[in-house]
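Contents: one structure, followed by commentary.
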Amino acid sequence: MLFLKGMLLDLSIAAPVGPIGLWCMRQTLRYGKRYGFVSGLGAAAADAAYGLTAALGLSIVTQFLLRHSAWIQLTGAMFIIYLAYKTLKSPVQTDCSDGPAKHASLPQAFLTTFFLTLTNPMTILSFIAIFAGMGAGWAGQSPLLLVVGVFAGSAVWWLLLAYLVGWLRERLNAKLMRSIQIGAGLVLFGFGAYSLLNVISPL
């Protein structure tokens, strides 16, 4: 039961499409389903790490993240803008096979989204609030079970998204893929610029 709660919890957090979702879709369109899914796993691992921190009540880690949240978010905003630039300047990948792609690395795909997800320390507040709302409902049970559920829920979402975008990828021509890529790059830039303004405006 706790495992299922963790799955549903992270599905509610991961499902809304933001900069990470757009980047994973970009990876799928450019390199195939496998790269899109592995990119999603990076986000899932970061969600699980934040979920574990909240579940274990690691206040020292939480306080550090919140104390330095402005600098962490600033780094994340700049990184999103870099990814937007990378998306806009990249040529369209016309080979729709899911084999090894040139200039693509599965570990790099994983680490990119892992790092990007970690640059939003406010995620940990979502987990803390939800765990507090559960109250005694999970008292006496292992928090690891909940965190595994969080990871599994996120992984299921990214798997579905990667296969859906991969299915569309096989049916798009190069011109349409380029248009989608430009659109994704511009939206990513918008996310990054908005995040950057949110961070620097209070300073």
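Here are a few things to note about the model shown:
- Residue 113 satisfies every condition listed in (1) outside any helix (DSSP H, G or I); (2) modelled with pLDDT of 90 or more except (1).
- Test for residue 166: is it in contact with a Leu (Cβ under 9 Å, 6 or more places away or on another chain) and within 18 Å of residue 40 (Cβ to Cβ): yes
- Residues (within 22 Å of residue 27 (Cβ to Cβ), aliphatic (A, V, I, L, M) and in contact with a Phe, Trp or Tyr (Cβ under 9 Å, 6 or more places away or on another chain)) located in region 174-203: 184, 188
The values are calculated or read from the model by the stated rules, or taken from the named source; none is laboratory data. Quantities reported herein were computed from a predicted structural model and do not represent experimental measurements. When we count neighbours, we look across all protein chains shown, and the Cβ atoms used for this are built from the backbone with ideal geometry, even at glycine.
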